[in-house]
Amino acid sequence: MIVPPSALLDGLLSVWPYLVGASVFAVAVGFAIPISKKKKHEETSTKTIIREEIQNDVKIIVRSHKEEVPVPYDVFLKLISDYEKAKQEAQKSILTQLALLEAKKEEERDKLLRDLTNPDLAYKDLVKVRKVSNGKRKKEEEGEEEEVDVDTSELYQA
């Protein structure tokens, strides 16, 4: 099948706006992609910081290269949550150690009070202590034991 040239020309004239639009779009995309890569490269470009110091009459030049790396948002949130967890664990650890120290101080304070107080005198009002014949002490409550009055006047009259 042979297409006459006049029909081909009429077809091109009817679709020329579409062809021009497609070519403009292709050129715009061709310029946009390299520009976005260039901007991305500029964002992550390295920055050189030069620091000069003089020590012992010697000039020291230090060059540090810093490169900024974009961090995705979800990674940033993960870093923050990990930091918060580590902070809470550290606080728990410190509070536990403080509680143990307080308990130890309280125990030492109780020990000092026990050492200062004579146990026989401390419980004198609560418990009566009397010696049993075999040398052991027998503790009885105050209400159960009856006190016997001994007349000692006969011993001193002689």
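The values are calculated or read from the model by the stated rules, or taken from the named source; none is laboratory data. Model, not experiment: these values are computed from the prediction. Note that each Cβ is placed from the backbone with ideal geometry, even for glycine, and that neighbours are counted across all protein chains shown.
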Q | Output for region 82-113, where each listed residue is of a type outside the set (Asp, Glu) and either closer than 30 Å to residue 46 by Cβ or touching a residue at least 60 places away in the same chain (Cβ under 8 Å) (or both) | A | 83
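Suppose we keep only residues that are more than 22 Å from residue 51 (Cα to Cα) and not in a helix (DSSP H, G or I) within region 65-79. Which one would you say is modelled with the lowest pLDDT?
69
Being under 22 Å from the mean Cα position of the chain (by Cα) and among the charged types (D, E, K, R) is the requirement here; does residue 89 meet it?
The answer is yes for residue 89.
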